[in-house]
Amino acid sequence: MKKLLSVVLSIVMIFALAACGGGEGGNASVTDGVSENANITILDYAEMSTLNPIDIGTESDQVPVFMLYDPLVKLGADQEYIWMLAKDCDMSDDGLEYTFHLREGISFSDGTPWNADAAKANLDMMADQSNGFKSQFVYECIDHVDVVDDYTVKVTLKYVSAPFLNTLAIQSAAMMSPTLIEQGKQAMATTPIGTGQYVLNERRVGEYVKLDLNRDWWGYDADICGGTPILEKDYGFNSITIRPVSEESTRVALLQSGEADLAISLTPNNKKMLEESGYGVVTKQGASMSYFYLNCQKDVFKDIRVRQAISMAIDIDALNEVVYGNEYTRAESPLTSSMKFFEKQEPIEYNPEKAKKLLEEAGYGDGLTLVCWEENDTTDIQRGEFIQQQLEQIGITLKIYPQEGGFLTDNVNAYSGAPKDTEFDCYIRGYGADTIDADEMIGRFATAQFPPLGGNYSFYSNEEFDKWIDIGGKSIDDEVRQEAYSKAQKIFWDDVPAVSLLSYAYTAAFNEHIDGVDFGCAGGLYLMNAKYVE
Amino acid sequence: MTKYILKRVGGIIVTMFLVSIFVFMIIRLIPGEPARLMLGDKATPEMIETITKQYGLDKSYFEQYMIWMKGVLHGDFGNSQRTGMPVMYEIGLRYGKTVRLALYAITWSVIAGTIIGIWSGTRAGKWQDYTGITVSVLGQAVPDFWLGMMAIMILCVKLHLFPIIPDGTFRGMVLPAFTLGAYMMSTVARFMRSSVIEALKEDYTRTARAKGLKERTVIYKHVLRNSVIPVITIIGMQLGVMLGGAVLVESVFGYSGIGLLLLDSIKYRDYTTLQMLILIISFHVVAINLLVDLLYAVVNPEIRYD
Amino acid sequence: MFFKKKNPMVTEENDMDTRWSDFLRNFKKQKTAVVAFFVLVLLFFIAIFCYKIAPYGINEYNYAEKLQGPSMAHLFGTDEFGRDLFSRVLCGTRISLSIGFITVTIATVIGSVIGLFTGYYGGILDGITMRILDAVYAFPGLILAIAIVAILGPGLANAAIAIVIFCIPTYARLVRSCTLQLKNSVYVRAAKCLGASDLRILFKHILPGVFPDVIVQYSLSVSGSIMTTASLSFLGMGAMSPTPEWGLLLSNSRTYFYSCWHYAVFPGLAIVITVLCFNLLGDGLRMALDPKLNDRA
């Protein structure tokens, strides 16, 4: 079993490398490497708060992580595994033990060698929940880490966690130098020491972070990489400057004036304008989706007809057009289409007439008033308003209360009262699955995940659904998982505990000097396969 | 005199004490469990507990206040909840920038305000006067953020005269400082205009003129000399307005001073930084007002100190 | 323009009627202020009838016509949802004016009462209140408002509360200092000897004397309040979409700033005109009430 898996993974990896190599014959075409002129400036929409990978909280924090650091394994643009600091991984049949074989001959930028001790230091820190780092909750499943030999570590889990390998492929699993970990939190936040393709040149808070190419990066070295280098020598940039520019219009202007080469987070109007004037543009679906949660423990929503009526009354395509300029994608399942195990469901027909009828049958022919909470962000409010207008057509009065994020965290995420007593009947909010795994995205609708324990904001409880979620989450066999999530998606779709609205898209625009810009599956900028064009 | 100074300084201490309580309460009144706010939606109970302990959030408000105040008095402002770095460091990185911006703004506005004021005061009723009045009245009515936007639109984008984002050079500072100083320029101009008009009516001006002195000399000698203290008072009084304006101007220009940090700390719920920023800003206002008052007392010893 | 005339504020047996006619006569001489006054009257009518005169609904989406420049169909152009900007700016008048008046009126009443009582009675109450107000005063207006909005959460109502709170000390101080002066006037002392109650003295004799100063400050505060509301909305802490508040319109326009000049220009002009008129009116009122000031300011 585990051998089969590693064979599959290696084949996938080879394909990935062939793809990024841009041609066959890997090391035959060695060039001089990256030109001295290959300096680019990237515009992000917010300032990064920390350079500590395990403490990242926002998308902006993610941007430099995989430039400075490498993880054990990475997810490629199509969710294939790319082995980085580990050569491969063996899993025990019970799915509790992961043995990683590490690459040899790599060292951190401070000279500390990369070995099993270094890996253990990182994994231990990630597992120790008392550190209070923002992103470490996903490693809560790690029980202990053993050093088997100099280049082998074994991770033992508390329970089977299907997405475990995925969690090791995200930014928060970047491997830091053990000396850096010893120096403590402040050093980790400011002076990154990793094995990455770039090293920190300078960070000026509020202005920029400048990274320089590490020309001796192990990923260029065919020997360390076992024959084929991770990247050819001409990939990458001599230096990358990341500037936070919160105003979108300023990002556009800087791109146009040539002061920057790449800008992320653009609205449809600006994206179109840039595309028309010859800029390269990338749009990619991420792993986030917005939902219209219906509290299934409320009497009114115990009747499935009411839930169905609501799902039929919302014209999601129109929502996409009016509020998001058709930039997002209509949900075809509770999972985003970029996720593994995604299965397209029968689209719910927009039919206010039928919805009205269903409501009448359920005994709400004379109208119905519902309380709805949402976050008070501008586009969120527009979204809420749109849904409000739509539901009005079938006689539902939606009373929307846009709330402060902190208030929602307290009263929804941390709600500990009786599920049927929530002040809200419905709740509109987006959810992003950091691990890009079905277990995180749909598994949170299980009964065990009622707030405050998890993200089941619909308080949905269905034994059949729970069963499949349990099977899916506790298995490491893709076939089993495929079946489980296929069933779970179907049940969810028919039962409508929440209306899946739109999955988010990430956008970037760049000038003619950059080639190969992409986004990772979770939405972060993915520049690994990018290079400079004179 | 010494008694007056002591009394004023004592008053400041009481005021700052009240301010610190306000600031402290403001932060505690913000809805939401602080630890959970910091860690985000997906935090586990264990992580929340750690953070709660680490920041002493489980103690009573009184204890928390005492710990905070003790830290502040010892120069330890705590760590930013957003970046984990000492607040002192975070603020220190940006403080100088805002001071620089404010100094540029004050400098140009006082110089320009004085020139415009004298110009229109000495030509009262003529077109020059009306131009001056219009400029100064408009300066007080135009929102600084809008002025900044218009300046960027015309001068940066259309004419390419200045960089879009202040890049640390003098050229980059021109527009933010211009925008921030517009209001103070108007105030100074209006004041100078009325001083000049008044001075021209006074007896000594007539006498001086009779003696054959040029009007210009008279104005420079008397008006300017007498205006130094009132103008300093205006600067002191307007400093608060300017600090508020700095938030807007820094936001418009993407200038990373403490104004932008204030907005960021609200956006990312970084309350340690937020409370320290508000405390520091109000301390500046109070301290500058005190300085102005003391200066006044030194220059005009005849005023009664009661 | 120099009047050797008694200051009408001084409370001797000054007939209310002559004071009023003096005031009117003086005010009429302030030509700019009179013009400003009429522009404000016009703005009031717009605020009242804005929904009737607006050619389009404020939330009339028209996706086919988004971000268009000014034309005959859309005088001010359209926004990112194809809504008519002219209608939105027009209807924004009601929001800005009502916020301006409501906040300042509440602040004036509260502030005046505080000022009257502390000024009249003095003592410990006065000391404590003034210290607290000093502390509030130590926060620059906008920053105090930002802090309050951070507690209460963004929204127009919360922005209004914040503005009320930071306006109160201004009035309390102003009224207190006037009360202190008037308290010792012959007029009040006479009333006291005649056995008038404290409340009667405060509201019958002192308040009218304080009134002119409050009126001047009122006009200036309204413009300040409108400006602060717009600033808060601009920072995303005031009005929320889709309210057509001017500051929020400006904030939304920033995204399309470089391609659509009209979106940022018109809401800004609306703020400038309104604030300008209130400022000019305030100046005019001050000069009408105190003609000695005529050539100052």
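Can you find a residue in the range A:125-135 that is aromatic (Phe, Trp, Tyr), in contact with a helix residue (DSSP H, G or I) (Cβ under 8 Å, 6 or more places away or on another chain) and within 14 Å of another protein chain (Cβ to nearest Cβ)?
Yes, the range A:125-135 contains at least one residue that is aromatic (Phe, Trp, Tyr), in contact with a helix residue (DSSP H, G or I) (Cβ under 8 Å, 6 or more places away or on another chain) and within 14 Å of another protein chain (Cβ to nearest Cβ).
I'm told residue A:315 meets every condition in (1) in contact with a Leu (Cβ under 9 Å, 6 or more places away or on another chain); (2) within 14 Å of chain C (Cβ to nearest Cβ) except one. Can you identify the failing condition by its number?
So the condition that residue A:315 fails would be (1).
Among the residues of the range B:221-229, is any open to solvent by less than 70 Å² (accessible area, probe 1.4 Å) and over 25 Å from the mean Cα position of the chain (by Cα)?
Taking the range B:221-229 first, the residues open to solvent by less than 70 Å² (accessible area, probe 1.4 Å) are B:222-224, B:227, B:229.
Restricting the remaining residues to those that are over 25 Å from the mean Cα position of the chain (by Cα) gives B:222-223.
Yes, some residue in the range B:221-229 is open to solvent by less than 70 Å² (accessible area, probe 1.4 Å) and over 25 Å from the mean Cα position of the chain (by Cα).
Would it be correct to say that residue A:260 is crowded, with 18+ Cβ neighbours inside 10 Å and touching a helix residue (DSSP H, G or I) at 6+ places or on another chain (Cβ under 6 Å)? Please lay out each step first, then the result.
On the way: crowded, with 18+ Cβ neighbours inside 10 Å: yes; touching a helix residue (DSSP H, G or I) at 6+ places or on another chain (Cβ under 6 Å): yes.
Yes; evaluated as a whole, the condition is true for this residue.
Only one of these is open to solvent by 10 Å² or more (accessible area, probe 1.4 Å) and part of a helix (DSSP H, G or I): C:243, C:255, C:229. Name it.
On the way: C:243 fails: part of a helix (DSSP H, G or I); C:229 fails: open to solvent by 10 Å² or more (accessible area, probe 1.4 Å).
Matching residue, one of C:243, C:255, C:229: C:255.
Counting just the residues of the range C:254-281 that are touching a residue at least 24 places away in the same chain (Cβ under 8 Å) and within 11 Å of chain A (Cβ to nearest Cβ), which one comes out farthest from residue B:142 (Cα to Cα)?
For the range C:254-281, the residue satisfying everything is C:259.
Does residue A:516 satisfy the condition of being at pLDDT 85 or above, more than 14 Å from chain B (Cβ to nearest Cβ) and touching a strand residue (DSSP E or B) at 6+ places or on another chain (Cβ under 8 Å)? Talk me through it step by step, then tell me what you get.
On the way: at pLDDT 85 or above: yes; more than 14 Å from chain B (Cβ to nearest Cβ): yes; touching a strand residue (DSSP E or B) at 6+ places or on another chain (Cβ under 8 Å): yes.
Answer is yes for this residue.
Could you figure out which of (1) within 14 Å of another protein chain (Cβ to nearest Cβ); (2) at pLDDT below 85; (3) surrounded by fewer than 22 Cβ atoms within 10 Å (Cβ to Cβ) isn't true of residue A:250?
Status for residue A:250: all satisfied but (3).
Of everything in the range C:226-241, what is within 11 Å of chain A (Cβ to nearest Cβ) and without any contact (Cβ under 8 Å) to a residue 60 or more places away in the chain? Give them in sequence order.
C:241
Being over 19 Å from the mean Cα position of the chain (by Cα), touching a residue at least 12 places away in the same chain (Cβ under 8 Å) and buried (at least 19 other Cβ atoms within 10 Å of the Cβ): is that true of residue C:144 here?
Numbers: over 19 Å from the mean Cα position of the chain (by Cα): no; touching a residue at least 12 places away in the same chain (Cβ under 8 Å): yes; buried (at least 19 other Cβ atoms within 10 Å of the Cβ): yes.
Here the answer is no, as residue C:144 does not meet what is asked.
What do you reckon, is residue C:206 over 22 Å from residue C:28 (Cα atoms) and within 11 Å of another protein chain (Cβ to nearest Cβ)? Quick ask: steps written out before the conclusion?
On the way: over 22 Å from residue C:28 (Cα atoms): yes; within 11 Å of another protein chain (Cβ to nearest Cβ): no.
The answer is no for residue C:206.
What's the number of the only condition in (1) under 30 Å from residue A:235 (Cβ atoms); (2) in contact with a Lys or Arg (Cβ under 7 Å, 6 or more places away or on another chain); (3) buried (at least 18 other Cβ atoms within 10 Å of the Cβ) that residue A:511 fails to meet?
For residue A:511, the failing item is (2).
Just to verify a result, which residue in the range A:419-457, among those that are without any contact (Cβ under 8 Å) to a residue 40 or more places away in the chain and under 18 Å from residue A:302 (Cβ atoms), is farthest from the chain's Cα centre (by Cα)?
Applying the filter and picking the extreme gives A:421.
Quick one: which of C:40, C:67, C:75 is within 14 Å of another protein chain (Cβ to nearest Cβ) and at pLDDT 85 or above? Spell out the reasoning first.
Numbers: C:67 fails: at pLDDT 85 or above; C:75 fails: within 14 Å of another protein chain (Cβ to nearest Cβ).
On inspection, the qualifying residue turns out to be C:40.
Does residue B:235 satisfy being at the interface with another protein chain (Cβ under 8 Å from one of its Cβ atoms), farther than 30 Å from residue B:80 by Cα and hydrophobic (A, V, I, L, M, F, W, C)? Walk me through how you get there before you give the answer.
On the way: at the interface with another protein chain (Cβ under 8 Å from one of its Cβ atoms): no; farther than 30 Å from residue B:80 by Cα: yes; hydrophobic (A, V, I, L, M, F, W, C): yes.
So residue B:235 fails the test.
Considering only the range C:54-64, state which residues are assigned to a helix (DSSP H, G or I) and loosely packed, with under 13 Cβ neighbours inside 10 Å.
Going through the range C:54-64, the residues assigned to a helix (DSSP H, G or I) turn out to be C:63-64.
Scanning the range C:54-64 gives a single hit, C:64.
Can you find, within the range A:181-206, the residue that is nearest to the chain's Cα centre (by Cα) among those that are open to solvent by less than 50 Å² (accessible area, probe 1.4 Å) and facing chain B (nearest Cβ under 8 Å)?
A:189
What's the number of the condition residue A:160 fails, among (1) under 29 Å from residue B:258 (Cα atoms); (2) away from chain B (no Cβ under 14 Å)?
The one condition residue A:160 does not meet is (1).
Which of the residues that make up the range A:105-120 are buried (at least 21 other Cβ atoms within 10 Å of the Cβ) and assigned to a helix (DSSP H, G or I)?
A:118, A:119
Would you pick out the residues in the range A:208-237 that are within 30 Å of residue B:256 (Cα to Cα) and open to solvent by less than 30 Å² (accessible area, probe 1.4 Å)?
Let us first name the residues in the range A:208-237 that are within 30 Å of residue B:256 (Cα to Cα), namely A:208-214, A:236-237.
Of everything in the range A:208-237, those that are within 30 Å of residue B:256 (Cα to Cα) and open to solvent by less than 30 Å² (accessible area, probe 1.4 Å) turn out to be A:209, A:211, A:213, A:236, A:237.
Any chance you could count how many residues in the range A:283-328 are part of a strand (DSSP E or B) and either touching a Pro at 6+ places or on another chain (Cβ under 8 Å) or buried (at least 19 other Cβ atoms within 10 Å of the Cβ) (or both)? Don't jump to the end; show me each part of the working.
Keep residues of the range A:283-328 that are part of a strand (DSSP E or B), which gives A:283-294.
From the residues that got through so far, the ones that are either touching a Pro at 6+ places or on another chain (Cβ under 8 Å) or buried (at least 19 other Cβ atoms within 10 Å of the Cβ) (or both) too are A:285-294.
Number satisfying all stated conditions: 10.
Taking the range B:42-91, which residues are closer than 16 Å to residue B:280 by Cα, away from chain A (no Cβ under 14 Å) and open to solvent by less than 30 Å² (accessible area, probe 1.4 Å)?
Passing the criteria: B:68, B:71, B:72.
How about the range C:184-200: which of its residues are touching a helix residue (DSSP H, G or I) at 6+ places or on another chain (Cβ under 7 Å), open to solvent by less than 50 Å² (accessible area, probe 1.4 Å) and touching a residue at least 60 places away in the same chain (Cβ under 8 Å)?
Selection gives C:188 alone.
Can you confirm whether residue C:175 is assigned to a helix (DSSP H, G or I), more than 8 Å from chain B (Cβ to nearest Cβ) and either in contact (Cβ under 8 Å) with a residue 12 or more places away in the chain or buried (at least 19 other Cβ atoms within 10 Å of the Cβ) (or both)?
Values: assigned to a helix (DSSP H, G or I): yes; more than 8 Å from chain B (Cβ to nearest Cβ): yes; either in contact (Cβ under 8 Å) with a residue 12 or more places away in the chain or buried (at least 19 other Cβ atoms within 10 Å of the Cβ) (or both): yes.
The answer is yes for residue C:175.
What helices (runs of 4 or more DSSP H) lie completely within the range B:118-212 and have 1 or more residues being at the interface with another protein chain (Cβ under 10 Å from one of its Cβ atoms)? Lay out the reasoning, then the answer.
On the way: elements: B:127-141, B:144-151, B:170-201, B:203-210.
Fully inside the range B:118-212 and qualifying: B:127-141, B:144-151, B:170-201.
Looking at the range B:257-265, can you tell me whether even one residue there is at negative phi, open to solvent by less than 10 Å² (accessible area, probe 1.4 Å) and not in a helix (DSSP H, G or I)?
yes
The values are calculated or read from the model by the stated rules, or taken from the named source; none is laboratory data. These numbers were taken from a predicted model, which means no experiment stands behind them. Every residue, glycine as well, gets a Cβ built from its backbone with ideal geometry; the counts of neighbours run over all protein chains shown. For accessibility, only protein heavy atoms count, side chains too; no ligands or nucleic acids. Shrake-Rupley method; radii C 1.70, N 1.55, O 1.52, S 1.80 Å.
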